[in-house]
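For reference, the structure is listed below as structure tokens.
Every read-out reported here was derived from the displayed coordinates using simple, explicitly stated rules and does not represent laboratory data. As the structure is a prediction and not an experimental result, all values here were calculated from the model. In this analysis, Cβ positions are derived from the backbone assuming ideal geometry, glycine residues included, and neighbour counts consider all displayed protein chains.
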Amino acid sequence: MAVLSKIRQRSFFLIVIIALALFSFVLADVIKGGGFGGGSNDVGSVNGQEIAVQDFMQKVAQAEKQGQGTTNTQAVNSVWEQEVRGLLLNDEFEKLGIRIGNDQLINIIKTDPNIAQNPQFLNEAGQFDENKFKEFVKSKRNDPNPETWNQWKSYENSVEKYAKELMYNNMLKGGMYVTKVEGQFKYEIDNKKVDFDFVTLPFSNINDDEVKVSDDEIMAYIKKYPKKYKSDNTVDIDYVLFENKPSKQDEDAMIVSINDALYGKIAYNEATGKNDTLPGLKTVANIGEYVNANSDIKFDSTYLAKKDLPLDFQEQLFNLNNGEVFGPYVFNGHQCLSRMIGRKPNASAKASHILISFAGASQSTSTRTKEEAQALANDLLAQAKANPANFAALATANSDDPGSKGNGGEYDNITPGQMVPTFNDFVFNNPIGSIGVVETDFGFHVIKISDKYNAVLLGTIAQKIEPSEATIDEIYTKASKFEADANEKGFETVATTNKSTVTPSNNIRAFDEYIQGLGAQREIIRWAFNSDNSVGTISRFDIPQGYVIAKIKSKNETGLMSIATAKEVVLPILKNEKKAELIKKKMSGSTLEAVAQSSKATISNATGVSVGSPVLPNIGSEPKVVGTAFSLKPNATSKLIVGNSGVYMVKLKTVANAPAVTNYNSFISQEKTQQLNSAQTRAYQAIKEKADIKDNRAKF
């Protein structure tokens, strides 16, 4: 009691001490994260404008929800691009003074069919009534639930953003023009033609092993053209995968289990105190109940067509007799046994149709009368019967059904009762190949029956092929030992000693999601980009497939491609440069004939080639060669030219100037269209390249 009394007397001091301890803990974390105002609370920034985590992650969650199948990383990257674009364009809108007034906003909202055609906003004449719309907006503002107004403002903001960007793009396009001189230039490079003879030795005449290119040469080339080979920061890793695979003992145990399911087994019955013989799939009476008790996949009472059965076992499964069992067989990671329960003829069908709707039919926007629709349907019926193979083309050209028009009117796996009654009756009451017309609430249907499928009902026991707990523990022990040994003796040394397969994964970016061979692995990517983890760091990761021991092989923070990545592009260029020097030594002589003789090459000719399309016959695009030909005087011979595919020498024969034309309007229009199509993209890329963008997505 005395101790409790002393604690009570000193409670204030205890509270202060605890508070100081907590503050120290929090302060240490803040310092580690870069300070209270540091980058720990933002996803990144654009020209100094921070993208706050909370708002960003809310948008990510919304993107995941709206985009079915969208992963978190895909959503993060998508929202990031939207945020960056929004901030960059808003800066441009401010500089240009682009604003959207209330009247403009209403006019844009009115273009939304959901608003413009909503009876709530229409007057007696069926026209959009702005006063009714404004009253609606006012009711949103006055709604007791603030979320109602917030949702509406969010919609208005998205419309305003769209309108500003539309105005901005129109201004861009309005500033684009093409002069008469540019149109004339376009015309001339397309229509001024040249004829010349040439000799060439392709780079392929020199074997790759005759020229060597070092990593230093590749890096020097990349640095020479930094804009062309710029890159985000990247990381290269090596990893060893310890996969959770069943052992031989696990496989033997599974064979016993699946055989018990097939033939039955003897089990002790506690109620009787005796051993009972339990039936197997071959003899059991209640198949569904037995499957549910013995299978990792529950009983499915759906009848399946032959094409819906496992591809490798379709024939065996579909042709079973009633009560007959097939298996065991492996499908989709399971050991399986299947017993035939029953068959159903004409369980589903494949049919194509052409819908001809008319005014007043369900969901119809057509203006044709019912009589016109029927006449058109009968005409198409006659055409289809005369040439059944042309049915898909008729459907594509004439059908009013958007759901099937794109695939020739075809619907596969139609089950009884799926379609409206008259359509259903025609399909299931007529033989394959029948073509006819039926009427439904949607209009007239020209129908062709393509196929009918018999179906089978199977009772399938599927037991997942997976390692036992003992096997998983053993794999974990091996992975942990590899990690410890790798940290002590070196990753490569241990991998070689253990004969482990080392898999490289190169050019990983901070915002990537997938690692080659492992699938989605954001945890490993975050680890690799963590500034606390340097080159050579080794760590173990638990993944669905097993355990990964990964090592950071290199980090590229130069802003340029890594050598490993650039090799794919730069190595052929540098090799060809070196091959060109070797080829030049073979092409001695000052005339075409002399070079042809010294290099044992033939003289070829090119006729009617233009700068606009600098393609040599049987070779491909060679703009430097064609450009050189245009620069020569008739009968003059060029020096050696290093082209795209080899080394050339050309001798000019004739140059035919472009025929005179009265105007260049079509070429001006063509060039302007090309410029307009790319103006928006090029403008945004220029703004983005100039911007100061800090990207912290690697943390997420």
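Multiplying the residue separation of Glu513 and Asn407 by 0.36 nm and removing their Cα-Cα distance gives an extension gain of 34.7 nm.
With Rg/Rh (Cα atoms, Kirkwood Rh) defined as stated, name the option among (i) 0.95; (ii) 1.05; (iii) 0.97 computed from the structure displayed. The value matching this structure is (ii). Enumerate the lysines that Lys567 could reach by cross-link, defined here as Cα to Cα under 21 Å, with residues fewer than 8 away along the same chain left out. Those lysines meeting the cut-off are Lys212, Lys223, Lys224, Lys227, Lys228, Lys230, Lys553, Lys555, Lys575, Lys578, Lys579. Within the same chain, aspartates and glutamates fewer than 8 places from Lys164 are excluded, and of the rest, those with a Cα less than 20 Å from its Cα are Glu81, Glu83, Asp91, Glu92, Glu94, Asp103, Asp112, Glu156.
Longest exposed-loop-site-free stretch of the chain, with GluC sites (Glu not before Pro), DSSP loop and at most 10 other Cβ within 10 Å? It works out to 271-556.
Label positions at Asp296 and Lys245, each projected 7 Å from the Cα along the C-beta direction, are separated by 1.7 nm. Within the straight-line cut-off of under 22 Å between alpha carbons, the lysines reachable from Lys138 are Lys110, Lys153, Lys161, sequence neighbours fewer than 8 places apart in one chain being disregarded. Between Ala686 and Glu474, the simple spin-label model (points 7 angstrom out along Cα→Cβ) gives 6.7 nm. Distance from the Cα centroid of segment 523-595 to that of segment 407-464 is 55 Å (rounded to whole angstrom).
Multiply the residue separation of Tyr155 and Thr367 by 0.36 nm, subtract the distance between their alpha-carbon atoms, and state the gained length in nm to one decimal. Let's see the in-between values first.
Working: separation 212, 0.36 × 212 = 76.32 nm, distance 3.44 nm.
Result: 72.9 nm gained on full extension.
Label point of Glu210 set 7 angstrom out along Cα-Cβ; within segment 624-654, amide nitrogens under 19 Å from it belong to 640-649.
Among residues other than Lys134 whose Cβ falls under 14 Å from its Cβ, what is the net charge (Lys/Arg +1, Asp/Glu -1)?
On the way: positive: Lys110, Lys132, Lys138, Lys140, Arg141; negative: Asp103, Asp129, Glu130, Glu135, Glu156.
Value of the local net charge: 0.
The count of lysine pairs in segment 248-345 that are at least 8 places apart or cross chains, and whose C-alpha atoms lie under 20 Å apart, stands at 5. Working from Cα pairs under 8 Å separated by at least six residues, relative contact order for segment 399-478 is 16 percent. Counting only DSSP H runs of at least 4 residues, each contributing -39500 (n - 2.57), and dividing by the residue count of the chain, the helix-based mean residue ellipticity at 222 nm comes to -14000 deg cm²/dmol.
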